[in-house]
1. So if R0 is 30 Å, what FRET efficiency would Ser188 and Phe228 give, r being the distance between their Cβ atoms, rounded to the nearest 0.05?
2. For the stretch 288-295, in order, what is each residue's ³J(HN,Hα) by Karplus, 6.51 cos²θ - 1.76 cosθ + 1.60 with θ = phi - 60°, in whole Hz (x at glycine and Pro)?
3. I want to verify a result. In a Gaussian network model of the chain, Cα cutoff 10 Å, which of these has the top mean-square fluctuation: Ala290, Ala344, Ala333?
4. Shape verdict for the stretch 190-302, please, from the Cα gyration tensor: rounded (a/c under 1.5), prolate (a/b greater than b/c) or oblate.
5. Given the protein chains as shown and a 1.4 Å probe, how many square angstrom of Met246 are accessible, to the nearest 10?
6. Remind me, relative contact order of the stretch 123-230 in percent, using alpha carbon pairs under 8 angstrom and six or more residues apart?
7. Add -39500 (n - 2.57) for each DSSP H run of 4 or more in the chain, then divide by its residues: what number comes out at 222 nm, to the nearest 500 deg cm²/dmol?
8. What percentage of all Cα-Cα pairs in the stretch 30-110 are separated by more than 21 Å?
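The values are calculated or read from the model by the stated rules, or taken from the named source; none is laboratory data. These numbers were taken from a predicted model, which means no experiment stands behind them. Positions of Cβ are generated from backbone atoms using ideal geometry, with glycine treated the same way; all protein chains shown enter the neighbour counts. Areas reflect the complete protein model, heavy atoms only, side chains present, ligands, DNA and RNA absent. Shrake-Rupley method; radii C 1.70, N 1.55, O 1.52, S 1.80 Å.
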Amino acid sequence: MTISTTNIPAWPLTDEQRQIIELCREFAAKEIRPRGREVDEADTVTPVDIFAKAAEVGITDFMIAEEFGGGGFTDVFTQCLVQEELCWGDPGIGNLMCSNGFFSDPIMVLGTDEQKKRWLTPLTGPKSPMTALATTEPESGSDAASISTTATRVEGGYRISGQKAWISNAGAAEFYVVFAKTDPTKRSAGVSAFLLKNGTEGMTFGEPMKKMGQRAIVCREIFFDDVFVPEEDRLGEEGQGFYGLMGTFDISRVVLGAAAVGAARAAYEYALDYARTRKQFGVPIIEHQAVAFRLAEMATRIEAARLLVLHAAKVIDSGAPARGLAAMAKLTASETAMFVTHGAVQTLGGWGYSREFPVEQWMRDAKLEEIEEGTSDIMKLVISRNL
């Protein structure tokens, strides 16, 4: 059974959508998939050369509005189709290719026209820098309202002090959106957002963090020691940061759901090919009922997860509330990715457990999708509050 992003009868694609999907499919096959194992083994080395190649062909800025020089695919639906293709190549590298989208979302929600032009335009073109979104702290993960990093008002701006942890692209990124408390006595209403550049005095980074999977995205701690940020680099009004972050989460959770679908599809296809050629007891293992049934459930879950992800994307694009639906999409897709990659390892047996085959890596990579942008438990809480 072929599972394809370009064959979705419920949502016919435009020629432009087909072109960007085909571009990303080819890039994933030729540039991403062949480098997956190498990047995983390197562990804490950002594959900047692959990012640069993606920038040259328009993949790193496809999601940025045309008025700022981007590809103009600002709809979440197209972003999901692209993310799936890239993460089919390799989940970590695929997510890295689209990381500028996560940075640009809060700017589009909260930024002024001048801020959008100043911070988004440099991300377009063949020399795009990397970016980062700094929310998580050592004592604050999914509960973003409990962050303790502070932004104290001073003449002409703010002084930021505190610490962030598990920040993707930290150190390698040139631009940052940083969330801090302008009113520490409040929870969500006290969170504000700020724009910073790498090299700002008082902003330093920890060593690369050792990770289980998705090692193409190097994470570090960020330390803010009385870092000055001009008032013009605050995003939105004081206290609007959490609102901007939640809007960003609704989008990013759905897009990460698409990433999980891509990882699941890669593992399913690999296991299916293996099952057709590997023989046990004189016949291809796909003829054994247990293997065939496992593959059938893998395919079914992938199709269900994709449809839920794309439905959530369409709802967001319509402007309708989608917080609970976005959480459903991420929960379903991420747990599908874990189920399918586990099934792929089981199908390959001992070889699946070996690093000679990619499915063990994809299983490690898939685990992050159940954690980032809110764990599965948090997703269930969000869903329950939006029933």
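1. 0.75
2. 7, 4, 4, 5, 4, 5, 4, 5
3. Greatest mean-square fluctuation among the candidates belongs to Ala290.
4. Prolate is the answer for the stretch 190-302, as a/c is 1.5 or above and a/b outweighs b/c.
5. Its heavy atoms expose roughly 30 Å² to the probe.
6. Contact order relative to length: 30 percent.
7. One gets -15500 deg cm²/dmol as the mean residue ellipticity at 222 nm.
8. Looking at the stretch 30-110, the distances longer than 21 Å represent 28 percent of pairs.
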